[in-house]
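Structure, as structure tokens:
The values are calculated or read from the model by the stated rules, or taken from the named source; none is laboratory data. Keep in mind the model is a prediction, meaning the values are calculated, not measured. When we count neighbours, we look across all protein chains shown, and the Cβ atoms used for this are built from the backbone with ideal geometry, even at glycine. These area figures cover heavy atoms from the full protein model, side chains too; ligands, DNA and RNA do not enter into them. Shrake-Rupley method; radii C 1.70, N 1.55, O 1.52, S 1.80 Å.
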Amino acid sequence: GEGSWLWRSVPADRPVGRRARSMPRTTALGLTALAGLAIERAGAYPGYLHSCAAWVAGDTGYMSASTLADGAGGKCSIDISAIPASGFVGDTEYSVVVTSDRATLNKLYSSDGQCLGNDFGDATLAKTKTFTWVAPGSDVTFHAMCSTGFTQIFAAPAAAVSYSGTSRALAPAPAPISPAPAVATAKVGTGMDIALGADGLKLSFEPLGVASVQFEVSIDRDAWIGFGLSSGSAVSMTAGGAGSDVVTCSNGQVKQYKIVTYAIPMTAADVPGSSCKQENGKTTLRFARTIAAQDSQQRGLTPGSSQQIIWAYGDDGVQLQQLHGSNRGGTNIDFASGTTVASAKRSGEAVLFLHLALMAIAWGGFIPLGAIIANRFHIGSWFVWHRRLQSIGWLLQLVGFVMAVVYAQEHSSHLSVPHAVIGLVVVVIGTAQPLNALVRPHVPAEGEQKSMKRKVWEVVHKGSGWIAVALGAANVFIGAAAARAKDYDGAVVGTAVGLGIFCMLIPLCVLVLSLVAKNRMVDLLRLLPKDTNTGTDSRVTMSGPFSPEPGEPVSGQQRSPENQATGII
């Protein structure tokens with residue numbers, strides 16, 4: 001928001017919420033800190049800050065830092081050595097460098113009102129950052145911020161520079177030099193009905209004079225269309241933080257956007273002379289633009305060499321621009337010849353690998369195995385193992401969910417595919433299971449009938465638990481399909497599928513053995529340690545989804561204290 005960046009503070013007295021009684025305090029604090037980090041990172045980059053200030057050490061109100069630390073001593077400094085000591089010339093560009101003795105994200109402010117620094121992404125962390133500053137016609141003081149994270153922020157000592165009293169327009173003309181020899185450059189050619197993707201989207205273009213190009217993008221459906229120029233070898237609407245230049249046809253209007261995040265920008269520019277027709281089952285976007293970029297909102301065309309183009313469109317009947325889901329794509333094209341080359345597959349981000357690994361291990365391995373043990377084996381210390389497996393899986397899936405939030409914020413969009421929606425449902429159910437177990441009615445004594453409350457609780461607790469297990473296991477592979485649809489390379493898709501299969505092998509094998517080798521499994525499970533609370537074996541049964549809980553009285557045995565423990569199922 002206005003006036004915020006990596007550093008808008010969180011009130012110290014914000015309530016954290018009550019811990020589940022079975023959760024260790026250190027675990028609760030760790031999860032709170034981890035979730036808080038993911039949320040704070042939602043606005044974690046200089047490009048989100050739309051206004052600056054004369055920052056000084058001791059300022060408050062930025063993220064979790066109590067105050068802005070003093071950047072003196074190399075922690076954060078402003079290098080103005082490129083500006084003449086005799087004074088700068090007005091209307092002239094100069095380089096101003098913000099440096100630090102560690103990798104940081106940086107923002108620069110000059111007292112004439114220039115607010116510089118528009119990085120998006122951790123890839124821009126560096127010890128130096130060079131800013132291009134246009135000199136005004138008066139003396140100026142520079143201020144800068146450097147941060148390694150949301151708890152450590154430094155304010156650079158201010159640096160002042162003087163105006164020479166001369167502006168560029170009044171400076172003496174330089175001595176004439178011989179013109180450089182002309183360099184032959186390729187011209188924009190003509191392309192007709194170039195297929196973009198497999199859904200009938202087509203691109204045509206032709207030169208318009210010597211400096212401009214006429215584009216036409218069409219599709220046989222009543223839908224919105226977006227077409228733009230990006231960079232790099234893989235399809236990306238953010239171009240790794242560099243941004244993309246996109247023109248859209250939406251609700252009969254043509255707009256131009258500079259896109260640097262996976263969200264629809266709030267501001268857009270009109271495109272003079274353009275048209276957007278959405279009628280009779282066909283949508284056509286026509287617009288003209290110069291070959292060279294005219295401002296910071298545009299990317300220039302490079303005829304003679306391949307460059308990245310991207311596109312997206314809505315479902316039939318959806319004429320207003322919105323999240324595109326799988327209706328998107330990109331390729332490399334040479335605007336001189338019209339030839340296209342398939343874009344490279346997208347490499348996986350570290351946070352994505354963490355997410356898929358944690359979720360595959362939790363919902364493909366630990367949680368299903370713990371559920372099967374509770375469902376099929378009531379022998380030895382089965383409940384101890386059930387509780388341990390579920391607790392580990394419960395913690396892993398929470399951390400995996402945090403990774404998903406960070407990934408969606410920085411590299412995708414929230415709840416834009418079925419995998420994300422299913423995942424949210426699964427995590428909500430799975431996380432709530434230990435909590436609803438705390439309010440379960442008591443197990444009836446031997447010879448007593450189960451109360452209606454007990455029966456209802458069993459259906460809700462155990463039934464929802466099995467639903468979560470089934471959806472969670474299936475969503476591991478739905479996620480792999482989603483990664484493939486987003487053009488991720490074989491390393492990402494292969495890792496997701498491989499981990500899912502590997503993690504599910506153990507619970508599946510245990511389930512099959514419980515069905516085909518019941519007696520042998522009972523003999524093996526007798527070797528497990530005895531119940532640490534009673535010193536005796538629990539009742540030996542192979543049971544169904546609504547099985548007795550530990551502590552249900554059996555002949556000659558008192559109720560076990562484990563009756564007070566909880567699990568996901």
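Couple of notes before you dig in:
- Screening the range 277-315 for residues that are among the aliphatic types (A, V, I, L, M) and over 26 Å from Lys486 (Cβ atoms) and picking the one that is least open to solvent (accessible area, probe 1.4 Å) gives Leu301.
- The C-beta contact set for the range 299-320 (first residue on the phi > 0 side of the Ramachandran plot, second residue open to solvent by 60 Å² or more (accessible area, probe 1.4 Å), distance under 9 angstrom, 6+ apart or interchain) comprises Gly304/Thr185; Gly304/Lys187; Gly304/Ser337.
- Residues of the range 481-502 satisfying the condition of being within 15 Å of Pro418 (Cβ to Cβ) and not in a helix (DSSP H, G or I): Lys486
- Residue among Thr124, Thr141, Thr104, Thr99 that is surrounded by fewer than 19 Cβ atoms within 10 Å (Cβ to Cβ) and β-branched (Val, Ile, Thr): Thr141
- Residue count for the range 450-464, restricted to those that are surrounded by 13 or more Cβ atoms within 10 Å (Cβ to Cβ) and not in a helix (DSSP H, G or I): 1
- Scanning the range 337-383 for residues that are of a type in the set (A, V, I, L, M, F, W, C), part of a loop (DSSP other than H, G, I, E, B) and more than 28 Å from Gly197 (Cα to Cα) yields a total of 1.
One line per residue, one yes/no per condition, for (1) touching a residue at least 24 places away in the same chain (Cβ under 8 Å); (2) within 18 Å of Gly365 (Cβ to Cβ); (3) among the acidic types (Asp, Glu):
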position: Leu438; (1), (2), (3): yes, no, no
position: Ala445; (1), (2), (3): yes, no, no
position: Glu448; (1), (2), (3): no, no, yes
position: Gly465; (1), (2), (3): yes, yes, no
position: Val469; (1), (2), (3): yes, yes, no
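- Restricted to the range 66-154, the set of strands (runs of 3 or more DSSP E) holding at least 1 residues that are touching a strand residue (DSSP E or B) at 6+ places or on another chain (Cβ under 8 Å) and among the polar types (S, T, N, Q) comprises 77-79, 93-110, 126-134, 140-149.
- The range 285-311 - residue that is over 19 Å from Thr331 (Cβ atoms) and of a type in the set (Gly, Ala, Ser) and, of those, modelled with the lowest pLDDT: Ser296
Here is a yes/no grid of residues against (1) closer than 16 Å to Asp316 by Cα; (2) of a type in the set (Phe, Trp, Tyr); (3) at pLDDT below 90:
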| site | (1), (2), (3) |
| --- | --- |
| Thr185 | no, no, yes |
| Thr190 | no, no, no |
| Asp199 | yes, no, yes |
| Val210 | no, no, yes |
| Val213 | no, no, no |
| Ile219 | yes, no, no |
| Asp222 | yes, no, no |
| Gly228 | no, no, no |
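- Close Cβ contacts (under 7 Å, 6 or more residues apart or on different chains) running from residues in the range 339-358 that are on the phi < 0 side of the Ramachandran plot to residues that are of a type in the set (Lys, Arg) comprise Arg346/Lys486.
- Subset of the range 107-139 (residues that are in contact with a helix residue (DSSP H, G or I) (Cβ under 7 Å, 6 or more places away or on another chain) and under 14 Å from Phe154 (Cβ atoms)): Lys107
- Only one of the listed residues (Gly137, Gly117, Gly165) is on the phi > 0 side of the Ramachandran plot and over 37 Å from the mean Cα position of the chain (by Cα). That residue is Gly165.
- Top-ranked residue of the range 316-366 - restricted to ones that are among the β-branched types (Val, Ile, Thr) and open to solvent by less than 30 Å² (accessible area, probe 1.4 Å), ranked as farthest from Gly189 (Cα to Cα): Val351
- Among the residues here, Asp119 does not qualify as open to solvent by 40 Å² or more (accessible area, probe 1.4 Å) and out of contact with any Cys (no Cβ under 6 Å at 6 or more places or on another chain).
- Identity of the residue in the range 384-431, free of Cβ contacts under 8 Å to residues at least 12 places away in the same chain and part of a loop (DSSP other than H, G, I, E, B), that ends up surrounded by the fewest Cβ atoms within 10 Å (Cβ to Cβ): Leu415
- Residue in the range 98-105 that is at pLDDT 90 or above and touching a Gly at 6+ places or on another chain (Cβ under 6 Å) present: yes
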